[in-house]
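The values are calculated or read from the model by the stated rules, or taken from the named source; none is laboratory data. Worth saying up front: this structure is predicted, and the values here are computed from it rather than measured. Cβ placement follows ideal geometry from the backbone for every residue including glycine, while neighbour counts extend to all protein chains displayed.
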Amino acid sequence: MDTRTLLKIINFYARFTPNYTKIGYFARKLGWPKMPPLDFSGQNWLITGASSGLGKGMMRAATEAGATVVAVSSSQANLDAAVAELPESLQASVTTMPGDMSLVSGTQALLEKLLASGQKFDVLQNNAGILFNELALTSEGRETTYVVNVLSHYVLTKGLVEGGAFNNDAVVVNMTSGGMYNAPLGTAGLNTTDPAKFNGKASYAYAKRAQVALTDYWNDSYGDRGISFYVTHPGWTRTPGVKKALPVFSIIQKPILRTPRQGCDTALWLCATRPPVEKDVVWFDRKTRVTHMYDYTKKPQCTIEELVEYFENEIGQPAAAATA
């Protein structure tokens, strides 16, 4: 490793470790005003990515606070295992619904089941997410992290809103990541299917940046329907996904990574307090933060309208089949 690279790594950890780990969480928590215990009694929640990590933490916290939950993940077995970890008294509060959100067709099938059930939701937690270091194409020929991290969220959220599946004063929370700070808004970095051009962290960053932009777009488009859209950053959290995608980082930071409950604290707080929505912010540790840390990400490569048009074209035109 050359000196320049080493200094870059040291600077990265020195800058962000005190902020995004348990250190920052506990330091900021000292200044939070006291709140009554969370109470989501009578609320119906939809949580994607509910079988592990942040999603599983949200499922537990929501049911402990009295909510009923529809828990979504690609694996019924993993969902069953996650529910089995709940106290027996809470297990009946969860309905599991497997859905493959790495496929547009899978997400559309999930949406159809949800709409057909006639349920109305008070909260949607768009939590499903994944980071691959190597290119992985879906059976529809799309790059997997692109679909899971943003395109499926677009399909599901738009479909639920326009299908009338939210109660009045509902909340949608998009779970982003610090990875989004490394990319501008743009479509060129989405759905990279060429192995020679694929960079897992860059693809992840572009998807998460798009997710942030969609939050403002949805508030502008659907705010008159009584739905509030927020985007939140969980900090550096100890999850199976982090351990698999970033093994060295996970080992170095393990003692001070946030727990899943700490990582989803702000998402839960947003659902409990429902503060006024603001444009071009990300919520972190119960406060709005800037959405750009580097100058090179501030100039978008596309407009939000062009991003939405890109998604609409994706949905309207079947992708090519993946090649072996």
Number of the exception - residue 150 against (1) free of Cβ contacts under 8 Å to residues at least 60 places away in the same chain; (2) assigned to a helix (DSSP H, G or I): (1)
Assigned to a loop (DSSP other than H, G, I, E, B) and either over 26 Å from residue 286 (Cα atoms) or aromatic (Phe, Trp, Tyr) (or both): does that describe residue 201? no
Applying the selection to segment 72-102, what residues are of a type outside the set (Gly, Ala, Ser) and in contact with a helix residue (DSSP H, G or I) (Cβ under 7 Å, 6 or more places away or on another chain)? 72, 83, 86, 90, 91, 94, 96, 97, 98, 100, 101
Against the definition (surrounded by fewer than 17 Cβ atoms within 10 Å (Cβ to Cβ) and either within 27 Å of residue 191 (Cα to Cα) or not β-branched (Val, Ile, Thr) (or both)), how does residue 61 come out, yes or no? no
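Rundown of residues vs (1) surrounded by fewer than 18 Cβ atoms within 10 Å (Cβ to Cβ); (2) in a helix (DSSP H, G or I); (3) among the basic types (Lys, Arg); (4) in contact with a helix residue (DSSP H, G or I) (Cβ under 6 Å, 6 or more places away or on another chain), yes/no style:
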residue: 221; (1), (2), (3), (4): yes, yes, no, no
residue: 268; (1), (2), (3), (4): no, yes, no, yes
residue: 299; (1), (2), (3), (4): yes, no, yes, no
residue: 315; (1), (2), (3), (4): yes, yes, no, no
Members of segment 168-192 that are in contact with a strand residue (DSSP E or B) (Cβ under 9 Å, 6 or more places away or on another chain), buried (at least 17 other Cβ atoms within 10 Å of the Cβ) and either in a loop (DSSP other than H, G, I, E, B) or of a type in the set (S, T, N, Q) (or both): 174, 176, 190, 191, 192
Could you check segment 223-240 and list, in sequence order, the residues that are buried (at least 19 other Cβ atoms within 10 Å of the Cβ) and either not polar (S, T, N, Q) or not in a loop (DSSP other than H, G, I, E, B) (or both)? 227, 228, 229, 230, 231, 232, 233, 234, 235, 236, 237, 238
Which residue out of 168, 182 is more than 27 Å from residue 263 (Cβ to Cβ) and modelled with pLDDT under 95? 168
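Based on what the data block shows, is residue 67 among the small types (Gly, Ala, Ser), at pLDDT 95 or above and in contact with a Lys or Arg (Cβ under 7 Å, 6 or more places away or on another chain)?
For residue 67, the condition - among the small types (Gly, Ala, Ser), at pLDDT 95 or above and in contact with a Lys or Arg (Cβ under 7 Å, 6 or more places away or on another chain) - is not met.
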Which listed residue is out of contact with any Ser or Thr (no Cβ under 7 Å at 6 or more places or on another chain), among the small types (Gly, Ala, Ser), touching a residue at least 40 places away in the same chain (Cβ under 8 Å) and within 15 Å of residue 233 (Cα to Cα), from 179, 163, 159, 186: 179
